1. Residues of the stretch 22-47 being farther than 18 Å from TYR80 by Cα and either in contact (Cβ under 8 Å) with a residue 24 or more places away in the chain or touching a Gly at 6+ places or on another chain (Cβ under 8 Å) (or both), which ones?
2. Looking only at the stretch 28-37, which residues are surrounded by 14 or more Cβ atoms within 10 Å (Cβ to Cβ) and part of a helix (DSSP H, G or I)?
3. Output the residue which, of all residues in the stretch 58-86 that are among the β-branched types (Val, Ile, Thr) and surrounded by 15 or more Cβ atoms within 10 Å (Cβ to Cβ), is nearest to the chain's Cα centre (by Cα).
4. Could you tell me whether the stretch 41-49 includes any residue that is surrounded by fewer than 17 Cβ atoms within 10 Å (Cβ to Cβ), of a type in the set (A, V, I, L, M, F, W, C) and under 22 Å from GLU5 (Cα atoms)?
5. May I ask you to list the residues in the stretch 12-27 that are surrounded by 12 or more Cβ atoms within 10 Å (Cβ to Cβ) and out of contact with any strand residue (DSSP E or B) (no Cβ under 8 Å at 6 or more places or on another chain)?
Amino acid sequence: MSRLEKILQKAKENPQNLHYKEFCTLCEYFNMKLRKKGSGSSHRVYKRSEPPVFSMTIQNVDGFAVPYQVRQLLERVDQYGLADED
């Protein structure tokens, strides 16, 4: 199992324990590009520019991703079948 597959499995099994950097890695894995990084902010905006097009604002809380944001990404991955592309 690759590192990315392990991160994806971790996100599905326990979204409240996913590190922020791992969440950023997942966003990039699904072809989302960093569009905005607030200076001094805990928020980042990732956007997927190829179909299906969508964006997400993600937040760093004490080094961890916000669980509902992890679930939102996983729902979109399932909804659009993005996990099947790779």
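The values are calculated or read from the model by the stated rules, or taken from the named source; none is laboratory data. If you're wondering where the values come from, they're calculated on a predicted model, not measured in any experiment. Every residue, glycine as well, gets a Cβ built from its backbone with ideal geometry; the counts of neighbours run over all protein chains shown.
1. First pass over the stretch 22-47, keeping only residues farther than 18 Å from TYR80 by Cα: 22-25, 34-45.
Hits for the stretch 22-47 are GLU22, PHE23, CYS24, ARG44.
2. Listed by number, the list holds a single entry, TYR29.
3. Ranking the candidates gives VAL70 first.
4. Step one: filter the stretch 41-49 for residues surrounded by fewer than 17 Cβ atoms within 10 Å (Cβ to Cβ), giving 41-43, 45, 47, 49.
Then keep just the ones that are of a type in the set (A, V, I, L, M, F, W, C); that gives 45.
Filter again for under 22 Å from GLU5 (Cα atoms), leaving none.
Looking for residues that are surrounded by fewer than 17 Cβ atoms within 10 Å (Cβ to Cβ), of a type in the set (A, V, I, L, M, F, W, C) and under 22 Å from GLU5 (Cα atoms), one finds none in the stretch 41-49, hence no.
5. As a first pass, look at the stretch 12-27 and keep what is surrounded by 12 or more Cβ atoms within 10 Å (Cβ to Cβ): 12, 15, 17-27.
Across the stretch 12-27, the qualifying residues are LYS12, LYS21, THR25, LEU26.
Per-residue answers, yes or no, for (1) modelled with pLDDT of 95 or more; (2) in a helix (DSSP H, G or I); (3) touching a Ser or Thr at 6+ places or on another chain (Cβ under 6 Å):
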| site | (1), (2), (3) |
| --- | --- |
| LEU4 | no, yes, no |
| LYS10 | yes, yes, no |
| THR25 | yes, yes, no |
| SER39 | no, no, no |
| GLU75 | yes, yes, no |
| ASP86 | no, no, no |
